[in-house]
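Coordinate-derived values only; no laboratory data. All figures in this text were calculated on a predicted structure; none of them were measured in a lab. Cβ atoms come from the backbone with ideal geometry, glycine included; neighbour counts cover every protein chain shown.
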């Protein structure tokens, strides 16, 4: 089963899905909203976010690489199926990554 997750889902409840899947989706939302070096005692966790303040046509490919590598390193049970972006209506130019993942239950 595929799930869609964005950084905006950081405080979302995940009803009607297995608890382990909900925990993984929460980890993904947390990763998408965390800048590297911002977590005390876990400084290497998060995304570099080098794409911030770049033009959209440059930021999007950079964000794809960062999100892909971040998921591979920090949430290896999530298998990336797709990644697209939405725009924040209240903040022009702000990209919000939305990932579509499957959960590997064998890891």
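Structural remarks
- Residue 36 versus residue 62: modelled label distance in nm, points set 7 Å from Cα along the beta carbon direction: 1.3
- Taking packing as the residue-averaged number of other Cβ atoms within 10 angstrom, the listed peptides 69-76, 91-98, 54-61 run from highest to lowest as 69-76, 91-98, 54-61.
- Nearest 10 degrees, 0 to 90: helix 19-32 Cα axis against the chain principal axis: 10
- Extent along the principal axes, Cα only, for the chain: 39, 32, 23 Å, with the longest axis given first.
- Principal-axis analysis of the Cα atoms of the chain puts helix 56-74 at an angle of about 30° to the longest axis.
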